[in-house]
Amino acid sequence: MTESGVAAGFLTLVVVMGIGRFLYTPLLPLMLTEYGLRTEQAGFLASLNYVGYLAGAFAAGPLCHRFREFRVLVAGLLISCLTTAATGLSTDFVWVTAARLLAGIASALAFVAVSGLVLLIVARDGRENLTGLYYGGVGGGIVLTGLAALPTARIWGAGGTWILFGAVGATLSGVVLLLLQRHDEPRHSAATPRATLPWHPRFARLVIAYGLEGFGYIITGTFMVAAANATVGPTGAHLAWVVAGCAALPSAFLWSTAARRWGRLKPLVVAFFLQGAGIILPAALNGAAALFAGALLFGATFMGIVTLALSEGASYAPTARARIVGLMTGIYGIGQIVGPALAGYFSARTGTYHIAIFIASATVAAAGGLLIPDAFAHEQARERR
């Protein structure tokens, strides 16, 4: 039973994150030509997607409390599949802008709702060790889109690829709903008091660090393929994205395993610093080797950071999981709004992504530095045990 809930969560992340969000990354170079986009417009579209993600994240907690997680998840999956297909129906910039905005809202609604359900299922069944497998769905989605997007686009173009993946997402969504029908979900009523958020200084630092991660990682997550084109060409650039996805697939489980031995915060700090190195490596050292090493480090850490940070946040108030996930996802979303817009601005002015990449790397490293005192505080370690 636990496994079916985790599998449903995995497939949800394939649909709303791997496809709904990250299909944009391998298709971006072709969209710049086929849709007639300028670089700053591409950055604006990515940022607008995260504006929607921010709005959806902050709305998801209250919506889950009022309508229950399963209904919010259904709405998120439906909107995500429709907007994925809609992105391919027209090259009009206003149309694409609206589709990407709604896609961001949908991905956040589904992510928060399914996270609340999966975290409840694994905690109820005493199977928290499976949480990392659930978050591996993002890596699975990246591998899927990374391997299939370019061959599909060669035949159907960028627009046809969006439509096809919308249909793929709809099929997977049907499987998700079938799997989750076997599980009870949290029951809420109007009279049920909303759990209080844990405004402890350590929790506040964790939330801030997570917001810095949202800013730093998304610059690479959005522009990796476009930036790598100049170094290794289209095929090599897509391969680098697949490498990142392959590294992400088992990473959440591996970081969760590390957390059971050393606690969550120490591995989280290590992951921040490794990701910072992975972001800056291709800019600091030109060449395919640096690019693929950076992609490997990036993929191996970004979902590990999500897993560790959200699990740590939820541990402060287990009865408020959906609210905490919604809050942290929203703060993460603020960083994601600023990151692509900044990268697009600097790349348009300088003709290179290097300045934005250096800023992104420094921001991620700063997030790790912010958590060092908490990670190595003996009293904090004792409290968590």
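Read-outs: derived from the displayed coordinates by stated rules, not from any lab. Nothing here was measured: the structure is a model prediction, and the numbers come from that model. Every residue, glycine among them, receives a Cβ derived from its backbone with ideal geometry; neighbour counts consider all protein chains shown.
Hey, can you rank 36-49, 84-97 by average C-beta count inside 10 Å, highest first? Don't jump to the answer; show the numbers that get you there.
Details: 36-49: 20.4, 84-97: 18.0.
So the order, starting with the most tightly packed, is 36-49, 84-97.
Report the rotationally averaged projected area of the chain based on its alpha-carbon convex hull, in square nanometres.
On the way: hull surface 66.8 nm².
Mean projected area of the Cα convex hull: 16.7 nm².
Taking θ as phi - 60°, what are the ³J(HN,Hα) couplings along region 341-348 by the Karplus curve (6.51, -1.76, 1.60), each to the nearest whole Hz, with x for Gly and Pro?
Once rounded to whole Hz, the list reads 5, 5, 4, x, 5, 5, 5, 5.
Hey, for a label at W262 modelled as a point 7 Å past Cα toward Cβ, could you say which residues of region 279-301 have their backbone N under 19 Å away?
279, 297-301
For region 92-147 and region 294-315, what is the separation of their Cα centres, given in Å?
Using only Cα atoms to place each centre, the spacing works out to 14 Å.
Before rounding to the nearest 500, sum -39500 (n - 2.57) across all DSSP H runs of length at least 4 in the chain and divide by the residue total; then give [θ] at 222 nm in deg cm²/dmol.
Numbers: 12 runs with 322 residues, N = 385.
One gets -30000 deg cm²/dmol as the mean residue ellipticity at 222 nm.
Could you give each residue of region 98-109 its phi-based ³J(HN,Hα) in whole Hz, using Karplus coefficients 6.51, -1.76, 1.60 with θ = phi - 60°, and x for Gly or Pro?
Karplus values, whole Hz, x for Gly and Pro: 5, 5, 5, 5, 5, 4, x, 4, 4, 5, 5, 4.
To the nearest 20 debye, what charge dipole does the chain have about its Cα centre, counting +1 at the Cβ of each Lys and Arg and -1 at the Cβ of each Asp and Glu? Please list the in-between numbers first.
Working: 24 positive and 14 negative charges, 137 e Å.
That gives the chain a dipole magnitude of about 660 debye.
Using the basic label-point model (7 angstrom from Cα toward the beta carbon), what is the T235 to R66 distance in nanometres?
With each label placed 7 Å out from Cα toward Cβ, I get 5.3 nm.
As a footprinting exposure proxy, order C246, C81 by other Cβ within 10 Å, with the fewest listed first.
Working: C246 20, C81 25.
Ordered from fewest to most neighbouring Cβ atoms within 10 Å, C246, C81 come out as C246, C81.
Sorted from fewest to most neighbouring beta carbons within 10 Å, what does the list I334, I280 look like? Walk me through the intermediate numbers first.
Numbers: I334 18, I280 23.
Ascending number of Cβ neighbours within 10 Å: I334, I280.
Counting other C-beta atoms within 10 Å, which of H65, H200 has the fewest, and how do the rest follow?
Working: H65 23, H200 11.
Result, fewest neighbours first: H200, H65.
May I ask you to derive the FRET efficiency for A288 and W156 from their Cβ-Cβ distance with R0 = 22 Å, giving the value to the nearest 0.05? List each step's numbers first, then the result.
Numbers: r = 28 Å, r/R0 = 1.29.
Efficiency, from the Cβ-Cβ distance: 0.20.
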